[in-house]
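Only one structure is covered here, and it is reproduced in the block below.
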Amino acid sequence: MSVEAVSAGAILFRNTRGRREYLLLKSRPGDWEFPKGGVEDEEELQQTAIREVQEEAGISDFRLLDGFRRDYNYVFQAGGKTIHKTVHLFVAKSFEASAELSEEHRDLQWRDYEQAINTITQDGPREVLEAADAFLEEYDDGN
């Protein structure tokens, strides 16, 4: 039996000392990922992304940037079921310098692009980070 699941989250970045850094969270199984989680009730995808950044990173002063959303899919087994998950990721700019580790994760790190791309273990999130970094190279937020 296959079950469909939907998650949303954000590739959160900050500008520090003239360089862009991305927030990575280390999951309990050991993969490095972005803040993300399941869509609850009637939430819009952006609402889920905002809630998950707040819950998983302890950051409330951030803004989702218009014009970027990428999706990736993966399949895993849980409770005797095959779960087909679609993850929708947005890009968000953090105005806070630090993050707080939630109980859901074992570690967190701010990494520059090269470090982040080499830390992420899964193809889907790595490809979305590549697209997000290219998007941010062209993005002008007026700051």
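The values are calculated or read from the model by the stated rules, or taken from the named source; none is laboratory data. Owing to the predicted nature of the structure, the values given are computational and were not obtained by experimental measurement. A quick note on method: Cβ atoms are made from the backbone with ideal geometry, for glycine too, and the neighbour counts reach across all protein chains shown.
The residue list Gly38, Gly18, Gly58 contains one member that is under 16 Å from the mean Cα position of the chain (by Cα) and under 21 Å from Gln109 (Cα atoms), which is Gly58.
Against the condition within 19 Å of Val128 (Cβ to Cβ), hydrophobic (A, V, I, L, M, F, W, C), touching a residue at least 60 places away in the same chain (Cβ under 8 Å) and part of a loop (DSSP other than H, G, I, E, B), how does Phe90 come out, does it pass?
Details: within 19 Å of Val128 (Cβ to Cβ): yes; hydrophobic (A, V, I, L, M, F, W, C): yes; touching a residue at least 60 places away in the same chain (Cβ under 8 Å): yes; part of a loop (DSSP other than H, G, I, E, B): no.
When the stated conditions are applied, Phe90 does not pass them.
Please determine, by comparing only the residues of the stretch 75-95 that are under 17 Å from Gly9 (Cβ atoms) and more than 15 Å from the chain's Cα centre (by Cα), which one is modelled with the lowest pLDDT. Among those residues, the one meeting the criterion is Phe76.
Kindly indicate whether Gly142 is part of a loop (DSSP other than H, G, I, E, B) and at pLDDT 95 or above. Here the answer is no, as Gly142 does not meet what is asked. Just so you know, in the stretch 93-139 the residues that are of a type in the set (Lys, Arg) and in a strand (DSSP E or B) include one that is surrounded by the fewest Cβ atoms within 10 Å (Cβ to Cβ), and it is Arg106.
Would you mind stating whether Ser7 is among the small types (Gly, Ala, Ser), closer than 19 Å to Ile83 by Cβ and within 12 Å of the chain's Cα centre (by Cα)? When the stated conditions are applied, Ser7 passes them.
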